[in-house]
Amino acid sequence: MAVGILEVNLISGKGLKRSDFLGKIDPYVEIQYKGQTRKSSVVKDGGRNPTWNEKLKWRVEFPGSGTDYKLIFKVMDHDTFSADDFIGEATVYVKELLQMGVENGKMELRPTKYNVVDSDLSFVGEINIGLSYSVLQEKVMEGEEFGGWKHSQF
């Protein structure tokens, strides 16, 4: 099993459906991977075409438990006086990215546009995302190994 860093480069959104009738949307994205959630910043008055340019990272084991190697991007509209509104979501499967990263030490997918759909699978815009996975190098400790324990030599 390899341990590495999965990095999401959340770049921008385009044509996001308005959930507020009164004004511009203030979009942000919640990104989920195997129960771990990261949240982007809110783009105040970002409107339908926000720019985030943010990098979010996860520590990932591959192969790990389960088979759901996917990122779920939930695009939300921040509201100050009420609950945030769900705009839509995009799902990106990353199993092949992780496999290639383990084989080569690193793998990168250039920024790509993904469709954002709402709960009835209607198109509500797109998000531009880049992905990479880098295997962490195991630190080699100096010293002798005794029964699984390493003892430093002075």
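Per-structure values
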item: Hits in the range 40-54 - residues which are loosely packed, with under 14 Cβ neighbours inside 10 Å and basic (Lys, Arg); result: 44
item: Some residue of the range 34-51 being hydrophobic (A, V, I, L, M, F, W, C) and touching a residue at least 40 places away in the same chain (Cβ under 8 Å); result: no
item: Restricting the range 28-41 to residues that are closer than 20 Å to residue 12 by Cβ and assigned to a loop (DSSP other than H, G, I, E, B), the residue that is nearest to the chain's Cα centre (by Cα); result: 40
item: Subset of the range 80-107 that is more than 23 Å from residue 39 (Cβ to Cβ) and touching a Ser or Thr at 6+ places or on another chain (Cβ under 9 Å) - its residue that is least open to solvent (accessible area, probe 1.4 Å); result: 101
item: Looking only at the range 1-17, and only at residues there that are surrounded by fewer than 16 Cβ atoms within 10 Å (Cβ to Cβ) and closer than 16 Å to residue 89 by Cα, the one that is farthest from the chain's Cα centre (by Cα); result: 15
item: All positions within the range 68-79 that are open to solvent by less than 20 Å² (accessible area, probe 1.4 Å) and of a type outside the set (Phe, Trp, Tyr); result: 71, 75, 77
item: Those strands (runs of 3 or more DSSP E) lying entirely in the range 42-154 with at least 2 residues at pLDDT below 95 and among the acidic types (Asp, Glu); result: 144-146
item: Some residue of the range 44-54 being under 19 Å from residue 133 (Cα atoms) and of a type in the set (Val, Ile, Thr); result: no
item: Failed condition for residue 30, given (1) touching a residue at least 24 places away in the same chain (Cβ under 8 Å); (2) loosely packed, with under 15 Cβ neighbours inside 10 Å; (3) not β-branched (Val, Ile, Thr); result: (2)
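The values are calculated or read from the model by the stated rules, or taken from the named source; none is laboratory data. Predicted, not measured: the structure shown is a model, and the values here were computed from it. Every residue, glycine as well, gets a Cβ built from its backbone with ideal geometry; the counts of neighbours run over all protein chains shown. Note: accessible area is taken over every heavy atom of the protein model, side chains too, but ligands, DNA and RNA are not part of it. Shrake-Rupley method; radii C 1.70, N 1.55, O 1.52, S 1.80 Å.
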